[in-house]
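The values are calculated or read from the model by the stated rules, or taken from the named source; none is laboratory data. For clarity, every value in this text was computed on a predicted model and none was experimentally measured. No Cβ is skipped: glycine too gets one built from the backbone with ideal geometry, and neighbour counts run over all protein chains shown. When the accessible area is computed, the model is the full protein with side chains, heavy atoms only, and any ligands, DNA or RNA have been set aside. Shrake-Rupley method; radii C 1.70, N 1.55, O 1.52, S 1.80 Å.
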Amino acid sequence: MKSAITISLVNEARGGPFVYWDDLAAGFAAAARHGFDAVEIFPPAANAVSVGSARELMEKHSLKVAAVGTGAGWVKHKLRLTDPDPAVRAKGREFIYGIINLAGYLGAPTIIGSMQGRWEGVVTRERALDWLAEELKALSERAAAHGQVLLYEPLNRYETNLFNRNADAVEFLTQRGLKNVRLLCDLYHMNIEEQNLAESLRQTGALVGHVHFADSNRRAIGLGHTDIAPIAAALRDIGYAGYLSAEILPLPDAETAASQTMASFRKLTSSSS
Ligand code: LER
Ligand code: MN
């Protein structure tokens, strides 16, 4: 397994679960200082990050990009893939295509989290799920053109009513034949929704594509009450070789959040039980 830490460039997401903020170069430098393998980037839009400069930072610091988030499409631009207005859905799709291209050039997958939206008002659950399936199909085909999977993230009940639990999302992806989509399993959301985090990861198996490495209170692993050892054992047992990416609050401050994450990551990946 590999380590990653988040960098947000989205002003409207202030207060959200990202360790480093506003400055991509400073975020890369901090990630390297702490010994991370990669950064996860949360950009306001695809054109806010230059592929050339990001590649230079990757090379300079020997860091990969673990994933690129699309949530700014919702928090900044109010776009979502299950909006009743077809023009909004189309703009959402275009926004994500741009990020998939950016991520692809950086060798990274793209995350669909808040951009999934929710069913409400005139939109029935069935209708929303049909739109979601349609959009995930188109987006995952674009990701495949870059040799990447698309990451779909079940969120807790306060953020979406589409899929809150991994097993339900897996059933949906399977039924809809969405073969190039993997799950992003965020341990913070799972702590709210799953009966047993380790068991859920075991059941998700090869469809675990990315992990948001967050404790029960969305702080660094070790600063909440999640029992991480059985979760790490489950990930090892299913052969998960992807990232444990710290999408967490920068508390008590970014440096402590980063060093606590790295200490937990090292402890879990060096132990064999
Ligand atoms: C995105 O990865 C996520 O987990 C959401 O809760 C948005 O913050
Ligand atoms: Mn997440």
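Based on the Kirkwood radius over alpha-carbon pairs, what value in µm²/s does the Stokes-Einstein equation return for the translational diffusion coefficient of the chain at 4 °C and 1.567 mPa s? Before the final figure, lay out the partial values.
Numbers: Rh = 18.4 Å.
Taking Rh from Cα pairs, D becomes 70 µm²/s.
Compute the label zone of GLU94 within region 23-65: residues whose backbone N is under 20 Å from the point 7 Å along Cα-to-Cβ.
43-49
Which whole-number percent of Cα pairs in region 83-191 have a distance greater than 15 Å?
That fraction is 62 percent.
Report, as a whole number in µm² per second, the diffusion coefficient that Stokes-Einstein gives for region 140-273 at 37 °C and 0.692 mPa s using the Kirkwood radius over alpha carbon pairs.
Value of D from the Cα-based Kirkwood radius: 215 µm²/s.
How big is the gap, in Å, between the Cα center of region 56-124 and the Cα center of region 155-170?
Each part reduced to its Cα centre gives a spacing of 17 Å.
Work out, step by step, the length gained on full extension between ASP22 and THR124: first 0.36 nm times the residue separation, then minus their alpha carbon distance; give nm to one decimal.
Full extension of this stretch gives 32.9 nm more.
Taking 8 Å as the Cα distance limit and 6 or more residues as the minimum spacing, I'd like the relative contact order of region 141-273 as a percentage.
About 20 percent, as a whole number.
Could you list the GluC sites (Glu not before Pro) in region 109-196 that lie in coil according to DSSP, counting only those with at most 14 other Cβ atoms within 10 Å of their Cβ?
Here the sparse-neighbourhood loop sites are GLU120.
Skip the ligands, DNA and RNA, and give the accessible area per residue of the chain with a 1.4 Å probe, whole Å².
Each residue of the chain exposes 42 Å² on average to a 1.4 Å probe.
Find me the longest stretch of the chain that has none of the exposed trypsin sites (Lys or Arg not before Pro), where exposed means in a DSSP loop (not H, G, I, E or B) with at most 16 other Cβ atoms within 10 Å.
Looking at the chain, 180-273 is the longest stretch - no exposed trypsin sites (Lys or Arg not before Pro) with at most 16 other Cβ atoms within 10 Å.
For region 18-94, compute Rh as the Kirkwood radius over C-alpha pairs and then the Stokes-Einstein diffusion coefficient at 4 °C and 1.567 mPa s; write the answer in µm²/s, rounded to an integer.
94 µm²/s
Determine the share of the chain's accessible area contributed by carbon and sulfur atoms, expressed in whole percent, with a 1.4 angstrom probe.
The C+S portion of the solvent-accessible surface of the chain is 49 percent.
Over 26 Å between Cα atoms: which of LYS2/LYS179; LYS2/LYS91; LYS78/LYS137; LYS78/LYS179; LYS64/LYS91 fall into that group?
Long pairs (Cα-Cα over 26 Å): LYS2/LYS91; LYS78/LYS179; LYS64/LYS91.
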